[in-house]
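Shown next, in structure tokens, is the structure this report addresses.
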Amino acid sequence: MVCACLLTILLALYIFFDVNYFIRIIFTIGTGRLFQKKKRIFNTTTIYGLCTTQDVDLFLKHMNNARYLRDLDFARFHFYDRTGIYSCIAKKGGGAVQGASSTRYRRALPIFTLYKVTTKLIYWEDKHFYMEHEFITLTDNFVRAVVLSRQTITNLKVTAAEIIAELDPNAKLPEVPKDLKHWLDSMEESSQKYKKQN
């Protein structure tokens, strides 16, 4: 009877919630805290993954596009935790959300392939942190996809620069990378277009 109730609860959880997502978040942050040292804000962080049958596209050959963005959640939370950025924001009563991303797929990531996702902070401005993520297969060290992402600070009056200064008083704002500059320009162009429509 108890087993039947437990199985029913587990089945309901899997039907109504993406349980694997929450398990992976807990595992990623937990193993980071147990086995990895804290990182400075300009250090690169790394998480690992395996392309399984739950990650593949319609033809069951390689990772589908949505799974890359899902993996960015794990990589981002890991980076936030290891560098202390999120705890610094949370202590002040704020939060952070993914504001935008730009993905370039270079080569398919095949099923049953081990890979890593590296994350590094490359720039910041106003309420935004900009990160670069790389999906790299372990067998050949090839960068399969590159993602630029913008993380936006929410519910907080302090700027990204103030958060960075608190974590590393000696940090200097890097020069904006050329590819990021083009992406920022394109987002500004898109923003202007929709402002005109409204």
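The values are calculated or read from the model by the stated rules, or taken from the named source; none is laboratory data. Just so it is clear, the structure is predicted and the values come from calculations on it, not from any experiment. Using ideal geometry, Cβ is built from the backbone for each residue, glycine included, and neighbour counts are taken over all protein chains shown. Surface accessibility is based on the protein's heavy atoms, side chains included, excluding ligands, DNA and RNA. Shrake-Rupley method; radii C 1.70, N 1.55, O 1.52, S 1.80 Å.
Criterion first (under 15 Å from the mean Cα position of the chain (by Cα), among the β-branched types (Val, Ile, Thr) and open to solvent by less than 70 Å² (accessible area, probe 1.4 Å)) does THR103 satisfy it? It is true that THR103 is under 15 Å from the mean Cα position of the chain (by Cα), among the β-branched types (Val, Ile, Thr) and open to solvent by less than 70 Å² (accessible area, probe 1.4 Å). Please determine whether any residue of the stretch 81-102 is over 22 Å from SER191 (Cα atoms), modelled with pLDDT of 95 or more, assigned to a loop (DSSP other than H, G, I, E, B) and of a type in the set (D, E, K, R). No, the stretch 81-102 contains no residue that is over 22 Å from SER191 (Cα atoms), modelled with pLDDT of 95 or more, assigned to a loop (DSSP other than H, G, I, E, B) and of a type in the set (D, E, K, R).
Scanning the stretch 163-185 for residues that are of a type outside the set (A, V, I, L, M), outside any loop (DSSP other than H, G, I, E, B) and surrounded by 14 or more Cβ atoms within 10 Å (Cβ to Cβ) turns up GLU166, ASP179, TRP183.
Each row is one residue, and each column tells you yes or no for (1) modelled with pLDDT of 95 or more; (2) within 17 Å of ARG76 (Cβ to Cβ).
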position: ILE122; (1), (2): yes, yes
position: MET131; (1), (2): yes, yes
position: VAL147; (1), (2): yes, yes
position: THR154; (1), (2): no, yes
position: THR159; (1), (2): no, no
position: LYS178; (1), (2): yes, no
position: TYR194; (1), (2): no, no
position: ASN198; (1), (2): no, no
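Within the stretch 25-72, take every residue that is free of Cβ contacts under 8 Å to residues at least 40 places away in the same chain and in contact with an Asp or Glu (Cβ under 8 Å, 6 or more places away or on another chain) and give me the one that is surrounded by the most Cβ atoms within 10 Å (Cβ to Cβ). Only one residue fits best here, namely ARG67.
Going by the conditions given, is VAL158 surrounded by 13 or more Cβ atoms within 10 Å (Cβ to Cβ) and in contact with a strand residue (DSSP E or B) (Cβ under 9 Å, 6 or more places away or on another chain)? So VAL158 fails the test. The set of residues from the stretch 177-196 being touching a strand residue (DSSP E or B) at 6+ places or on another chain (Cβ under 8 Å) and under 15 Å from GLU125 (Cα atoms) comprises PRO177, LEU180, TRP183, MET187. Counting only residues that are basic (Lys, Arg) and touching a Leu at 6+ places or on another chain (Cβ under 9 Å), the stretch 31-65 holds 1 of them.
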